[in-house]
Amino acid sequence: MEEYPDAKSGAAATAASGLPDDAVVEILARVPARSIHRFKCVSKHWRDLIADPLHRKQLPQTLEGFFFSDGAGAGSRGSFISLPVRSAPRIDPSFSFLTKLPGIKHIRLLGSCNGLLLFKNGWNPATAAAPAYIVCNPATEEWVAVPSFGCPCPDHLQARTDLVFDPAVSPHFHLVHIYQEDFMVEIQVRAYSSETRAWSDRASQWRDEGGWKHWVNGGGILTSTLGGAYVNGMLHFIVFVPEKYWIAAMDIEGKTCRMIAWPDKRSFPLGVGQSQGRLHCVGKLNERERDCLKWAGLSIWVLKGYDAQEWVLKHRIAI
C-alpha cells in the first residue's frame with residue numbers, strides 16, 4: 001500500500017501554493033472524487049480545506065454508502081450498504097481481493113480510520129506464518145499484512161486492536177493492541193508501526209496515575225467489541241467502571257491515559273467515532289416497560305470542548 005502522496009499530488013500543491021483558498025477549492029471541485037481523497041495527504045491545510053463543511057458541498061460527493069459489522073462469527077467481513085441515490089459502488093464490498101491472498105481465511109472487520117480498514121485474519125495453527133491482521137484501502141485495493149506480536153491472548157483476557165492513521169501527520173499507520181486480565185490490575189499495550197514494520201519490543205504497562213489509576217482502582221473493564229476513534233492524537237475507546245461507562249483517551253504507546261465521562265446516563269454505549277475532527281459517541285436509549293427494558297432510540301453526542309469535557313447533544317432519534 002502506498003504510504004506517501006504521489007509526485008502529481010506534490011506538484012499540484014506546489015503549483016497552487018500561491019493561490020487563495022477559494023481558488024484552490026474551485027480547482028478541486030473539478031477533479032475526480034478519488035483524487036480528492038489523495039489530495040488530503042498533501043498537507044494539513046489541504047486536508048482542512050477538503051474537510052470543511054462549507055467546501056464539501058462544492059466538492060465531488062464521495063459517499064457511495066457505508067461499511068458496518070455486526071461482529072457475528074469469526075468470518076464476519078462486514079457488509080456494505082449502498083445509498084439508493086448513488087450509482088453502483090466503486091469498491092468491492094466482498095473484499096474478494098483479500099481472500100485470494102495466501103494464508104488469508106475468515107477475515108473479520110475490526111474497524112477503520114481515515115479511509116483505511118482493519119481486518120483480523122482467522123488464526124490457523126497450520127499456517128502460523130500467516131498475517132494476523134490486514135490493513136487495506138478499499139478504494140484502491142492496496143493492502144498491507146501485519147504479523148502477530150506473539151501467541152494469541154488467552155480466552156480470559158479482554159483485548160482489542162485499533163487502527164490509527166492520520167495522513168496529514170504521517171503517511172504511516174499504527175495498530176494498537178490493548179489487553180487486560182478480567183477484574184485484574186494488569187493492563188498492557190503493544191503498538192505496531194508500518195514505518196518500522198515491527199511491534200514494540202515489549203508491552204507498556206499501566207502507571208498508577210491519571211486515567212490509568214481511575215480505570216484500575218475503580219475496577220474498570222476494557223470493552224473489546226465497542227468501536228474506538230482516533231481524535232486529537234489520542235485513541236478513544238469505552239471502559240466500564242462498575243455502574244458507569246467512561247471513554248478512555250490513550251496515546252498510541254500507552255504512556256498516558258485520561259478518562260472522559262460518558263455524557264448520557266439514559267443510554268447504553270454503542271461506540272465512539274470521529275467526524276470533522278471532533279469526538280462523537282452513539283448511545284442506545286432504553287425505556288422501562290413493565291419489568292423489562294425496551295429499545296427507545298439513539299442519542300448522538302459531540303465533544304465540543306475537549307479539555308473541559310463539554311458534550312453537546314447533536315441528535316436524538318426516537319423509534
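Quick look at the values:
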| read-out | value |
| --- | --- |
| Distance violations [Cα-Cα > 26 Å] among Lys40/Lys284; Lys284/Lys304; Lys120/Lys213; Lys265/Lys304 | Lys40/Lys284; Lys120/Lys213 |
| Whole-Hz couplings from phi, Karplus 6.51/-1.76/1.60, listed for the range 164-181; x for Gly and Pro | 10, 8, 9, x, 7, 9, 7, x, 9, 10, 10, 10, 10, 10, 10, 9, 8, 5 |
| Cut-off under 5 Å, modelled amide H: who pairs with Ser275 long-range | His280 |
| Under 5 Å, built H, 5+ apart or other chain: amide partners of Ile107 | Gly122 |
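Readers should treat all values here as calculations from the given coordinates under stated rules, not as data from a laboratory. None of these values were measured; they are calculated from a predicted model.
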